[in-house]
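Heads up: the structure comes next, in structure tokens.
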Amino acid sequence: MARPKVIIADEDANYIVPLQFKFVTDFFNKIDLEIITDRAYFDDYFSKPQNAEILIVSEELYDSFLQRHNIQNIFVMMEQYDEGGTGELNVNKIFKYTSIKEIFNEIIGKSAGALNVAAVEKKETQIILVTSAAGGVGKTTVAMGVAACLVQNYKRVLYIEAASLQSAQYMLENDTPISSPDIYTKLLNPSDSIYADIKHVIRKEVFSYIPPFKAAIMSVGLSKNIYMDIAVSAKKSGEYDYIVVDTDSVFDEFKADLLNVADKVIFVTKQNRMSVMAVNTLMSNINGVNNEKYLCICNDFDKNIENALISPECNLKYAVNEYIEHLPHYDQLNCSDFINYSGFQKLAYLFL
């Protein structure tokens, strides 16, 4: 069976190299990749009938005559941002100076059928744990923001609020709790396939999510370990690219187990001294905290106020990987509003 053909055409060779590398890395020997950087060669190449699944072409080289060829998906790299369509069904405009990861994910997301992506080896589902040692730092906002932006990059995401008393539902349009007695019976005695047992109650707005319980977890007779059981079972199902687990600020045996199970961990802090020192204390209780599994995010950052993260008195045991600037009226937003916020977009790119 012939391999899908991908053509990248741009006279700027320096621009093509990172995109070419991304295709080679993710689709090694799964596609035929053609690179064109010379206009004369481009004109000669397309003077003859061509077949391809994808053509990625610069705005300067694009011409409507390319529609005469048997090309399933054409992506025109625009020098200036333009949300408008081209009026041609199989032609998509992409802003050229977005990150390579975002460009690549958009191309793959819109061309999955043509590329036969299902035949390409899939990456294993990752569990992303979002936690802190301090309350009120915006863990849920960060968790939902990352989840929403991963979906925007054509990833399948399950969000789980793993808290003793759930409160994230105020950011969701449907905040109705799980009411079925049968579900609670299954949660009380979970099988290894607990995700499959309860998946029919999962809802989706921007991302998929487990609806909230009807009362505090202790009040319905459940152990917090049920959250980990669901996450691990969902990971085994292979139905998601990412499972984002949003936890409270308590450090206990359950949290320690979650840290071990997670593939990536986001520690959230604010820049105030109380938050910084609380997270510092948490970090001192975790082995190997400086390896790539762990990320520290400063949320709600304001450059105009004191930043305890750079104070020599705090003697930090961690480095800050990303600053997310203050998001006005964040408590009035819902998860769909986070998609267009650059702070969460940048954070999501760290996992892509």
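The values are calculated or read from the model by the stated rules, or taken from the named source; none is laboratory data. Since this is a predicted model, take the numbers as computed values, not measurements. No Cβ is skipped: glycine too gets one built from the backbone with ideal geometry, and neighbour counts run over all protein chains shown. Ligands, DNA and RNA are excluded from the accessible area calculation, which covers all protein heavy atoms including side chains. Shrake-Rupley method; radii C 1.70, N 1.55, O 1.52, S 1.80 Å.
Take the range 56-211 with all the other protein chains still there, run a 1.4 Å probe, and you get 46 Å² of accessible area per residue. In this structure, N290 and E173 have a Cβ-Cβ separation that, at R0 = 51 Å, corresponds to a calculated FRET efficiency of about 0.80.
Using a probe of 1.4 angstrom, how much of the accessible area of the range 108-224 is carbon and sulfur, in percent? Carbon and sulfur together cover 50 percent of it. A straight line joining the Cα centroids of the range 2-51 and the range 276-330 runs 42 Å. Using only Cα atoms, find the angle between the long axis of helix 13-26 and the longest principal axis of the chain, and express it within 0 to 90 degrees, rounded to the nearest 10. Once rounded, the angle reads 60 degrees. A 1.4 Å probe run over the range 251-342, with the rest of the protein chains in place, finds 55 Å² accessible per residue. If a spin label sat at a point 7 angstrom from the Cα of V250 along the line to its beta carbon, the backbone N atoms of the range 188-230 nearer than 14 Å would be those of 216-228. Take the Cβ atoms of K186 and S336, set R0 to 22 Å, and the FRET efficiency comes out at 0.15. Against the set (1) 11; (2) 24; (3) 30, the structure's computed percent of Cα pairs over 40 Å apart falls on (2). Placing pseudo-labels 7 Å out from each Cα toward the beta carbon at Q80 and I310 gives an inter-label distance of 3.6 nm. Working from Cα pairs under 8 Å separated by at least six residues, relative contact order for the range 128-217 is 35 percent. With R₀ set to 35 Å, the beta-carbon distance separating H329 from T281 gives a calculated FRET efficiency near 0.65.
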